[in-house]
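The values are calculated or read from the model by the stated rules, or taken from the named source; none is laboratory data. The structure displayed is predicted, hence computed values, not measured ones. FYI the Cβ positions are ideal-geometry reconstructions off the backbone, even for glycines, and counts take in every protein chain you see.
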Amino acid sequence: MTGQNPKPRVRRNTVSPSEYAAWRQGIQNDWRVLAKAPYAMRVEVRLVLEAQRQNWRALQYAPEELKSDTQFVLEAMQFGGLGLQFATEGPRGDREVVLAAVRKDGTAIRFAFYEAYREDPEIVWEAVRQDWRALEFASKELKQDKELCLFAVEQCWEALQYVAEELHGDRDVMSVAVKQSGEASAVLPC
C-alpha cells in the first residue's frame with residue numbers, strides 16, 4: 001500500500017468561490033433561485049434570511065436542519081409569519097416563535113403545532129390585532145369573548161362569520177357591524 005497515492009477526498013456540498021458568488025448574486029436578485037441552489041448555499045443562514053426578506057415562501061427551500069432550528073425560525077419570522085408553515089414541529093410548537101409569526105401575520109396561528117395556542121388569549125389577541133381573519137382559528141371559547149369579537153368586528157364587519165352565534169344577538173357587536181355595512185344585518189337573529 002505504501003507508495004500509492006490516496007484517493008483525493010471529494011468535498012460534498014461545497015461550491016467554488018466563483019459558483020458561490022454567482023449563486024449568492026442570483027438569490028439576492030430573486031428568492032426563487034434558492035429552490036435550485038446546491039445544499040451548500042441553502043444551508044447558509046444569512047443567505048436564506050436574505051431570500052426570506054424578499055418573500056416569506058423562501059423558507060420552504062431551507063434544509064431541514066434550519067427549518068427545525070428554533071432560533072433560526074424565530075429570526076425568519078420577522079420577514080413573514082406565514083413562513084411558519086414550512087418550519088418543523090419543534091419551532092411551530094414554540095410559543096415565542098408562534099407569537100413572532102402572528103405578530104407579522106395573524107392568520108399564521110393556523111400553522112401553530114399545538115391547538116393550545118388557539119386557546120391562548122395573548123396569542124389570539126396578537127393574531128386578531130394583526131388580522132381580524134385570525135379569529136377563524138381561535139378556540140370556541142375565545143370566539144365567545146365579547147371584547148375580542150368586538151375588536152375583530154371593529155376591523156371588519158365580516159369577522160361576524162367567526163364570532164360565536166350567541167354574540168350575533170349582542171347589541172354592541174351588531175351595532176358596530178351594521179354601521180360598517182348593511183349586509184351585516186343579514187346575520188341578525190330572527
Regarding segment 80-101, can at least one residue be identified that is touching a Pro at 6+ places or on another chain (Cβ under 9 Å) and not aliphatic (A, V, I, L, M)? no
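Please determine whether any residue of segment 122-134 is on the phi < 0 side of the Ramachandran plot and either at pLDDT below 95 or touching a Cys at 6+ places or on another chain (Cβ under 7 Å) (or both). Spell out the reasoning first.
Quick first cut of segment 122-134, residues on the phi < 0 side of the Ramachandran plot only: 122-134.
Adding the requirement that they be either at pLDDT below 95 or touching a Cys at 6+ places or on another chain (Cβ under 7 Å) (or both) leaves 132.
Within segment 122-134, one or more residues are on the phi < 0 side of the Ramachandran plot and either at pLDDT below 95 or touching a Cys at 6+ places or on another chain (Cβ under 7 Å) (or both).
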When segment 116-135 is checked residue by residue, the ones that are under 16 Å from the mean Cα position of the chain (by Cα) and either surrounded by fewer than 19 Cβ atoms within 10 Å (Cβ to Cβ) or of a type in the set (S, T, N, Q) (or both) are 129, 130
Checking the structure you have, find out if any residue of segment 167-177 is aliphatic (A, V, I, L, M) and in a loop (DSSP other than H, G, I, E, B). no
Got a number for residues in segment 20-43 being in contact (Cβ under 8 Å) with a residue 12 or more places away in the chain and either part of a loop (DSSP other than H, G, I, E, B) or loosely packed, with under 15 Cβ neighbours inside 10 Å (or both)? 7
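Has segment 134-154 got any residue that is in contact with a Gly (Cβ under 7 Å, 6 or more places away or on another chain) and either among the hydroxyl-bearing types (Ser, Thr, Tyr) or closer than 25 Å to residue 73 by Cα (or both)? Break it down into steps so the answer makes sense when it comes.
First, pick out the residues of segment 134-154 that are in contact with a Gly (Cβ under 7 Å, 6 or more places away or on another chain): 134.
Retained after the next criterion (residues that are either among the hydroxyl-bearing types (Ser, Thr, Tyr) or closer than 25 Å to residue 73 by Cα (or both)): 134.
Checked segment 134-154: at least one residue is in contact with a Gly (Cβ under 7 Å, 6 or more places away or on another chain) and either among the hydroxyl-bearing types (Ser, Thr, Tyr) or closer than 25 Å to residue 73 by Cα (or both).
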